[in-house]
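For reference, the structure discussed in these notes is given below.
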Amino acid sequence: NAGVTQTPKFRILKIGQSMTLQCTQDMNHNYMYWYRQDPGMGLKLIYYSVGAGITDKGEVPNGYNVSRSTTEDFPLRLELAAPSQTSVYFCASSSGRRGDEQFFGPGTRLTVL
Amino acid sequence: GENVEQHPSTLSVQEGDSAVIKCTYSDSASNYFPWYKQELGKGPQLIIDIRSNVGEKKDQRIAVTLNKTAKHFSLHITETQPEDSAVYFCAASDSSYKLIFGSGTRLLVRP
């Protein structure tokens, strides 16, 4: 099992550009999550999904969109990138049982200039 | 909503000594408290967790304690080794599966 994979690893965007961060898991997990991690800070939940076709907002959803058309994939869309979105983005998944471990991908480092 | 505070932000210990990281939470409905370790350039990885019906849990050199009355929980690492150097995050969750993370502790173990 590859676990949770994310692409790209690094990306530089100009202000106003858009991009999609890809996330795929091969563990057949129902729950998937997107977090952002700013320097010296903890992880903040952006969006999460409890299954294909179901998504919901986390703590910091503004400026982002998500979709979940399959169990495996959970892409994160940035529209009109802003410098405040410079961060490291982590995707995670879990089976959904209460208190079940979340497995994290390696992250995408995004810089908006 | 839930708020998790974590202290200290940085911790430096001599190899072989113990390290303690403390977290407090605000929502009494939280019932699941995991600890994650993040090595440089990698995603966080679960190292130990505790549920609200348990006061203490151990796994080799790592232990976690929970005080529900005071709403705080702690990570204890004994006989620290250089490979324990990393950033450690505590988190709290209610039944909604969403984790609220602390701000992290950078642990440095000096050889």
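Looking at the range A:61-113 only, could you name the residues that are of a type outside the set (A, V, I, L, M), assigned to a loop (DSSP other than H, G, I, E, B), surrounded by 15 or more Cβ atoms within 10 Å (Cβ to Cβ) and more than 9 Å from chain B (Cβ to nearest Cβ)? Answer for the range A:61-113, where residues must be of a type outside the set (A, V, I, L, M), assigned to a loop (DSSP other than H, G, I, E, B), surrounded by 15 or more Cβ atoms within 10 Å (Cβ to Cβ) and more than 9 Å from chain B (Cβ to nearest Cβ): A:PRO61, A:SER67, A:ARG68, A:THR71, A:GLU72, A:PHE74, A:PRO75, A:THR86. Going by the conditions given, is B:LEU75 in contact with a helix residue (DSSP H, G or I) (Cβ under 9 Å, 6 or more places away or on another chain) and under 27 Å from A:VAL4 (Cβ atoms)? No; evaluated as a whole, the condition is false for this residue. Only residues that are within 14 Å of the chain's Cα centre (by Cα) and away from chain A (no Cβ under 13 Å): list them for the range B:41-65, please. Once the filter is applied, which keeps residues that are within 14 Å of the chain's Cα centre (by Cα) and away from chain A (no Cβ under 13 Å), the range B:41-65 yields B:GLU56, B:LYS58, B:ASP59, B:ARG61, B:ILE62, B:ALA63, B:VAL64, B:THR65.
Of the residues screened, B:SER30 is one that is touching a residue at least 40 places away in the same chain (Cβ under 8 Å), more than 29 Å from A:ALA2 (Cβ to Cβ), crowded, with 17+ Cβ neighbours inside 10 Å and over 11 Å from the mean Cα position of the chain (by Cα). It is to be established whether one or more residues within the range B:103-111 are in contact (Cβ under 8 Å) with a residue 60 or more places away in the chain, within 11 Å of another protein chain (Cβ to nearest Cβ) and small (Gly, Ala, Ser). Within the range B:103-111 (the criterion being in contact (Cβ under 8 Å) with a residue 60 or more places away in the chain, within 11 Å of another protein chain (Cβ to nearest Cβ) and small (Gly, Ala, Ser)), the answer is yes, since at least one residue qualifies. Of the listed requirements (1) free of Cβ contacts under 8 Å to residues at least 60 places away in the same chain; (2) surrounded by 13 or more Cβ atoms within 10 Å (Cβ to Cβ); (3) of a type in the set (D, E, K, R), B:GLU39 misses just one: (2). Output the residue which, of all residues in the range A:24-65 that are free of Cβ contacts under 8 Å to residues at least 40 places away in the same chain and basic (Lys, Arg), is nearest to A:VAL112 (Cα to Cα). So the residue we want is A:LYS44. Do we have B:ASP17 as touching an Asp or Glu at 6+ places or on another chain (Cβ under 9 Å) and either modelled with pLDDT of 95 or more or among the hydrophobic types (A, V, I, L, M, F, W, C) (or both) here? It is true that B:ASP17 is touching an Asp or Glu at 6+ places or on another chain (Cβ under 9 Å) and either modelled with pLDDT of 95 or more or among the hydrophobic types (A, V, I, L, M, F, W, C) (or both). State whether one or more residues within the range B:71-88 are within 12 Å of chain A (Cβ to nearest Cβ), in contact with a Ser or Thr (Cβ under 9 Å, 6 or more places away or on another chain) and among the hydrophobic types (A, V, I, L, M, F, W, C). Looking for residues that are within 12 Å of chain A (Cβ to nearest Cβ), in contact with a Ser or Thr (Cβ under 9 Å, 6 or more places away or on another chain) and among the hydrophobic types (A, V, I, L, M, F, W, C), one finds at least one in the range B:71-88, hence yes. The lone criterion from (1) hydrophobic (A, V, I, L, M, F, W, C); (2) in contact with a Phe, Trp or Tyr (Cβ under 9 Å, 6 or more places away or on another chain); (3) part of a strand (DSSP E or B) left unmet by A:MET27 is number (3). Name the residue, out of B:THR65, B:THR78, B:THR69, that is within 15 Å of B:VAL13 (Cα to Cα) and hydroxyl-bearing (Ser, Thr, Tyr). Residue meeting the stated conditions: B:THR78. Selection of the range B:45-102 for residues being out of contact with any Lys or Arg (no Cβ under 6 Å at 6 or more places or on another chain), touching a residue at least 40 places away in the same chain (Cβ under 8 Å), β-branched (Val, Ile, Thr) and not in a strand (DSSP E or B) yields only B:THR80.
Inside the range A:30-55, can you point out the residues that are touching a strand residue (DSSP E or B) at 6+ places or on another chain (Cβ under 7 Å) and part of a loop (DSSP other than H, G, I, E, B)? A:ASN30, A:ASP38, A:GLY42, listed by residue number.
The values are calculated or read from the model by the stated rules, or taken from the named source; none is laboratory data. As the structure is a prediction and not an experimental result, all values here were calculated from the model. No Cβ is skipped: glycine too gets one built from the backbone with ideal geometry, and neighbour counts run over all protein chains shown.
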